[in-house]
1. Going through the range 66-90 one residue at a time, which ones are open to solvent by 50 Å² or more (accessible area, probe 1.4 Å) and either within 13 Å of Ile5 (Cβ to Cβ) or in contact with a strand residue (DSSP E or B) (Cβ under 8 Å, 6 or more places away or on another chain) (or both)?
2. Please go through the range 1-33 and give me each residue that is out of contact with any Pro (no Cβ under 6 Å at 6 or more places or on another chain) and farther than 16 Å from Glu60 by Cα, ordered by number.
3. Can you tell me which residue is surrounded by the fewest Cβ atoms within 10 Å (Cβ to Cβ) among those in the range 54-65 that are within 25 Å of Arg89 (Cβ to Cβ) and not small (Gly, Ala, Ser)?
Amino acid sequence: MITAIPIKDDHIANHFSRADSMIIINENAEVIASFANPALTEGCDGKKQLLSLIVAHGAERVIVRNIGQQLLTKMLNHQLKVFHVKNGRTAINDLAHDHLPQCEQFSDAIQGRPSIKHLAKQANGGCCGHEHGDGGCQGGHCGGHDHDASEMEVAEGMHFKRCCQKKAFFLGSQ
């Protein structure tokens, strides 16, 4: 089984998209590929590139310590198996086996960390300066209609409002 592992300072990185590099190993724990993490310098596009590189190298699963909900969703949508390793000092050799008793498999995006940064970006119009709907970049914010207070939620002391397209808009701190 081909496995992707984020690396920082010769260990499994604490946060997936902040890893210095990515290694791809086979079932014998041999490194078959290694590349710098494009997410460190390219922002949203870098995360897309990172996912594309993982898929292009034939990875079937990914080992993480921490990962955001947005990127976890994309990995699960690409049919990648994502495993959470509790100990960042776990030996790489132990992560090559089919059975990973020291890991928990993530099956739902909610198991990732909520991204306050992502929600704040959406409040400022997203990566390209305006809101995106399900059909892609459409401009404007939520079609210009109002939402009631029942759509407000609180996340780590921050107020957000969700629009009809399930996008979050930052309203301010508590």
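The values are calculated or read from the model by the stated rules, or taken from the named source; none is laboratory data. The model shown is predicted, which means the values in this text are computed figures rather than measured ones. All Cβ positions, even for glycine, are placed from backbone atoms using ideal geometry, and neighbour counts span all protein chains on display. In case anyone asks, the SASA skips ligands and DNA or RNA and just uses the protein heavy atoms, side chains included. Shrake-Rupley method; radii C 1.70, N 1.55, O 1.52, S 1.80 Å.
1. Once the filter is applied, which keeps residues that are open to solvent by 50 Å² or more (accessible area, probe 1.4 Å) and either within 13 Å of Ile5 (Cβ to Cβ) or in contact with a strand residue (DSSP E or B) (Cβ under 8 Å, 6 or more places away or on another chain) (or both), the range 66-90 yields Lys81, Lys86, Arg89.
2. Across the range 1-33, the qualifying residues are Ile7, Lys8, Asp9, Asp10, His11, Ile12, Asn14, His15, Ser17, Arg18, Asp20, Ser21.
3. Glu60
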